[in-house]
Amino acid sequence: MVRDLSCGAHRIYLQVLVRRVACRSCGKVKRERLTWLADNPFYTKRFAWLVGRRCRAATIKDVARELRLHWETVKELEKQYMREQLRRVGTPAPKVIGIDEISIRRGHTYRIVVSDLLRRRPIWFGGRDRSEESLGLFFQELGAKKTRGIYLAVMDMWKAFRNATLQHVPEARILFDKFHVLRHLGEALDEVRKREYARLTGPGRQFIKGQKYTLLSNHANLTLDGRRSLAKLLQANQRLNAAYLLKESFGQLWTYQSEAWARRFFENWRQALKWRRLKPYEKFARMIDLHWDGIAAYCQPRNKVALGFVEGLNNKIRVLQRRAYGLRDEEYLRLKILTCMLPEI
């Protein structure tokens, strides 16, 4: 008996004769496989694809309530749908990869996500942590032939990722993600803000208190009240004003087409730190100097890739994790991440 709910809320029962045959190889009695049946023999593939499409925009619980199914049944049908998506796109052969880690639970439990930045989709999720050995598993699964085709790897400044990539693809160029670099600069600005708040007393503090996110936000994203508060803050504190202007101007580094001009801009930017007494900025400048090769790589026309994709994917993964709150099925999370950018079937 096969149950198919592909017509909506109406239940349709189909009487199907499934033959049992004796296998000549092993001698066991096996049931005939029908190509249009799902892995769960009570449902068709057509219905499994319907469930999978619904789960792309809704939670398992909502889909189970709508179709009057158990949530575990919905999850298993969706997993079959996602495996079929991956089968149809085939084995990846990336040229430019993005590498980042995500936290899957408390206690510093990490997994690594690798993306194909030219095709703009995640292609691998795994590892046991964010170590060199875990990232090495990706290159082993990809194979030596396809690994040699990678010419650019975008990542943050985590040493383990850089070492593992250069170990398996020595000829690849390392490019440090712009948004991770600017995050370090934002942390330096916040440290300046904390130091100024601790240094000042009396009325001088009132302009700084409660303005952390106003100071760190992109000026274009601020509301009218936020812009007014920021203007008052920068007018009242010259050191924060200088730190804010230096932070806003640093993004120009990624606009240059020549490494020499980019280096000249950075040297001028670092020169502007003199006599400013901005210790967190000086520490940030030393970090940029140590990792300069991985930042200047973006100046080459061949390396002008979409740096915002990795950060956007991280945001999408966090949404998937919140939507699947309570599930402890890591294979389900892996399939959700790998198929989140694929077209529906």
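The values are calculated or read from the model by the stated rules, or taken from the named source; none is laboratory data. Small disclaimer: the values here were computed from a predicted structure and weren't measured. Ideal geometry is used to build each Cβ from the backbone, glycine not excepted, and the neighbour counts take in all protein chains shown. When the accessible area is computed, the model is the full protein with side chains, heavy atoms only, and any ligands, DNA or RNA have been set aside. Shrake-Rupley method; radii C 1.70, N 1.55, O 1.52, S 1.80 Å.
Any chance you could give the angle, 0 to 90 degrees and rounded to 10, that helix 308-323 forms with the longest Cα principal axis of the chain? Tilt relative to the chain: about 50 degrees. Cα convex hull, segment 26-67: 96 Å³ per residue, rounded to a whole number.
Heavy atoms of the protein chains alone define the surface here; on that basis segment 289-345 has 51 Å² accessible area per residue at 1.4 Å probe size.
Label positions at residue 141 and residue 239, each projected 7 Å from the Cα along the C-beta direction, are separated by 4.9 nm.
D by Stokes-Einstein for segment 139-197, Kirkwood Rh over Cα pairs, 25 °C, 0.890 mPa s: 183 µm²/s. Computed from point charges on the beta carbon alone (+1 for Lys and Arg, -1 for Asp and Glu), the dipole magnitude for the chain about its Cα centre is near 600 Debye.
Close amide H contacts of residue 121 (hydrogens built in the peptide plane, cut-off under 5 Å, sequence separation of 5 or more or a different chain): 116.
Placing a label point 7 Å from the Cα of residue 59 along the Cα-to-Cβ line, the residues of segment 302-345 whose backbone N sits under 19 Å from it are 316-330, 332-334, 336-337.
Compactness of segment 186-240 was expressed as the Cα radius of gyration divided by 2.2 N^0.38 Å, which yields 1.06.
The residues of segment 132-261 have, on average, 54 Å² of accessible surface per residue, using a 1.4 Å probe with all protein chains present. Applying a DSSP loop filter and a limit of 13 other Cβ atoms within 10 Å to the chymotrypsin sites (Phe, Trp or Tyr not before Pro) in segment 272-336 leaves 275, 325. Each of residue 302 and residue 23 was given a label point 7 Å from its Cα along the Cα-to-Cβ line. The distance between the two points is 5.0 nm. Taking amide H positions as modeled 1.01 Å from N, with prolines and chain starts lacking one, the residues under 5 Å from residue 38 and 5 or more places away or on another chain are 43, 44, 45. Kirkwood radius for segment 48-95, taken over all pairs of different Cα atoms as the inverse mean of 1/r, rounds to 11.3 Å. Counting only the Cα atoms, segment 171-268 fills a convex hull of 120 Å³ per residue.
Would you mind checking the tilt of helix 279-290 against the longest principal axis of the Cα atoms of the chain, expressed as 0 to 90 degrees and rounded to 10? On a 0 to 90 degree scale, this one is about 60.
Here is the list for segment 24-99: trypsin sites (Lys or Arg not before Pro) lying in DSSP coil, each with at most 12 other C-beta atoms within 10 angstrom of its C-beta, are 24, 28, 33, 68. Per residue, the convex hull spanned by the Cα atoms of the chain amounts to 191 cubic angstrom.
Counting protein heavy atoms only, the chain has 50 percent of its accessible area on carbon and sulfur, 1.4 angstrom probe.
Looking at the chain alone, DSSP beta bridges between its own residues are antiparallel in about 75 percent of cases. How about segment 23-91: which chymotrypsin sites (Phe, Trp or Tyr not before Pro) there lie in a loop by DSSP and see at most 15 other Cβ atoms within 10 Å? Those that pass, being in a loop and sparsely packed, are 36, 42.
Taking only the C-alpha atoms of segment 69-175, Rg followed by Dmax gives 15.4, 52 Å. Segment 212-283 and segment 73-125 have Cα centres spaced 36 Å apart.
Helix 224-236 versus the longest principal axis of the chain: what angle, 0 to 90°, nearest 10, using Cα atoms? The answer is roughly 30 degrees.
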